[in-house]
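Heads up, the thing below is written out as structure tokens.
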Amino acid sequence: MTGTDLSIDTNLKEDTGGVSLWKDAFRRLLKNKMAVIGGTFLLLEILLAIATPWIAPYDFEAQNLELWVEAPSMAHWFGTDTLGRDLFTRVLYGGRISLMVGILASLVSVVIGVTYGAISGYLGGRVDSFMMRIVDVLYALPFIFLVIILMVYFGRNIYLLFVALGMTQWLTMARIVRGQVISLKEKEFVQAATSMGVRKSTIIFKHLIPNCLGPVIVFMTLTVPTVILEEAFLSFLGLGVQAPMASWGTLISNGVEVMEIRSTVLLFPAMALGLTLFSLNFLGDGLRDALDPKGAKD
Amino acid sequence: MAPILDVRNLKAHFHTRRGVVRAVDGIGFSLEKGETLGIVGESGSGKSVTQLSILGLLPSPPLKIESGQALFGGMDLLQASPSQLRAVRGNKISMIFQEPMTSLNPYLKVGTQLVEPLVQHRNLKKKEAWAKAVVSLEKVGIADAESAMNSYPHEFSGGMRQRVMIAMALTTDPELLIADEPTTALDVTVQAQILDLLKSLQKETGMAIILITHDLGVVAGMADRVLVMYAGKAFEYGTTEDIFYRSQHPYTSALLRSTPRLDTEVGSLPPIGGSPPDLMRLTGGCPFYERCGHRMDDCKEIFPEVKTFAETHRSYCHLKELPQ
């Protein structure tokens, strides 16, 4: 036994910095055609939304009552709405609001849900029971009414909309993360970190949360469309963004009013919303497969 | 010389809904600088629980320390506060585990994890800690340590991951290393390499090692002293020679007989009949009673007092002397 050569060759690739599991997942994602198409479409949409103030052909509130619900033409690609405003411009600005609400509200829900779920799952025992009962109680509240009450009470404020929608979404996120953490905390690497005297907070934020980000990302791609839909629903009810600003929801609601006269006023914003939701779902699907290579392929 | 770890009459019980599990029931041992203590026993004999309860690594409840002391550097670890324990763990006492494959966080670079104990206990800056971690990786025989630091755990084999774990345990120059079946998940050649590595590192740093294992061969090669555990109780405690050549306990000798050896020709190995008792249904007697070849009436009711054979050799059995 003595005299064995104690060193072994690590035999690593020339470039230092190995392939992380994230890079690996990204490679698998690129192989999924639908996910790539969805992702590209979304990226394009986000770029358009950012660039809207510079590329929009008209002012979003410039009215021209002579052009009442015009059909699409070279001057007005998507036609005009009931106040003669350029619909293409309106759809661009609407997308800005809808995407922003979707992404920001989802981020709010992720931050609250992941932190809450991870703490609850890691601490376990009575603390866990108590925290999860709170979630159960909140689940039982009809949240859309809560949002409506908030909007009525505090006034229609776009930032309040982010918070309110985020608040309705974090519960499921908290449950998912808690479940993940409970199975992860029994893993040896958590035990090893504990045995090395690492602080509880470090274990939660450095070791546990990165390991459950996979399901979190997948769930987030499902949250974004839900939030966009909810915002559209609130706007449809007249509780969303304030006129003359518009989201896709308000545009659709306006379109419904004149749908028998000029269906394009409804069609274009509805298509924009539909395509976005499709893309998000395809991307989410692709991400799920990419992050869980062991799961079923289709 | 004063022992660096002195454990006396440790009793750690799990209080579950179905009853009390006496996982550790009156264990004592001590350990000096540079020494290796081997703890042997079957699965479920309380080897790991002994160590985990000393370091406060088991959730409580259900675990309850019923009695005992674990003196380490003038402090009783069993009475220490969580923050005092955290200051000891990974600093003066480090631990390595059985499963090198899952002991590293798959999403973090090896280097990020290696610097963790240094940043935690030594207040080093990231850069200094990184440099120190590279040195300790080189010490455990990983060539090209710089690029290993930038790799992810899944790019390593089991043996290499165990080396990384050892490196991580040793970055803070601990006085005591607890190795909980460090080679069980590895194949035999890698096993030998890791054990050699531990031995040479021990010689270099003078740390004490507690080696938990069910492999008597590993114990014979590594340990200075041996503690034989069964059903949460200490059965025999002595130097490696005491245990292997002058065993005074029927369980130890049955265990030795059931171990394959290269130097004797046996047709088939004699197993120990039966299975270990349910720790929830222990009577006051010797837990080995049902399976023992030398049982007497006394054994059923009374757990034997300690019998001292040599200064270092203790056994718990009613037999006056074990017939060889």
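Tabulated data
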{"read-out": "Rg followed by Dmax, in Å, when the range B:30-136 is reduced to its Cα trace", "value": "16.1, 44"}
{"read-out": "Crossing angle, helix B:188-205 versus chain B [Cα axis fit, 0-90 degrees, rounded to tens]", "value": "80 degrees"}
{"read-out": "B:122, B:281 arranged by Cβ crowding within 10 Å, fewest neighbours leading", "value": "B:281, B:122"}
{"read-out": "For the protein assembly as shown: Kirkwood Rh in Å [reciprocal of mean 1/r, alpha carbons]", "value": "28.9 Å"}
{"read-out": "Global size of chain B as Cα Rg and Dmax, reported in angstrom", "value": "20.6, 66"}
{"read-out": "Alpha-carbon centroid distance for the pair the range B:228-274 / the range A:217-239, whole angstrom", "value": "68 Å"}
{"read-out": "Cα Rg over Rh - chain A, Kirkwood", "value": "1.10"}
{"read-out": "Chain A: DSSP helices with Cα axial extent of at least 24 Å and average Kyte-Doolittle hydropathy no lower than 0.5", "value": "A:33-55, A:87-123, A:158-184, A:213-236, A:264-291"}
{"read-out": "GNM flexibility winner over chain B from B:61, B:304, B:277 (Cα, springs under 10 Å)", "value": "B:61"}
{"read-out": "Cα Rg, Dmax, the range B:77-192, angstrom units", "value": "14.0, 43"}
{"read-out": "Residue with peak Gaussian network fluctuation, chain B [Cα springs, cutoff 10 Å], from B:264, B:189, B:16", "value": "B:264"}
{"read-out": "Along chain A, longest interval not containing exposed GluC sites (Glu not before Pro), exposed being DSSP loop plus at most 13 other Cβ atoms within 10 Å", "value": "A:15-185"}
{"read-out": "Degrees between helix B:158-170 axis and first principal axis of chain B (Cα, 0 to 90, nearest 10)", "value": "80 degrees"}
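Each value in this text was obtained by applying a stated rule to the coordinates, not by laboratory testing. The shown structure was predicted, so the numbers you read here are calculated from the model rather than taken from an experiment. Virtual Cβ from ideal backbone geometry, glycine too; neighbours counted across all protein chains shown.
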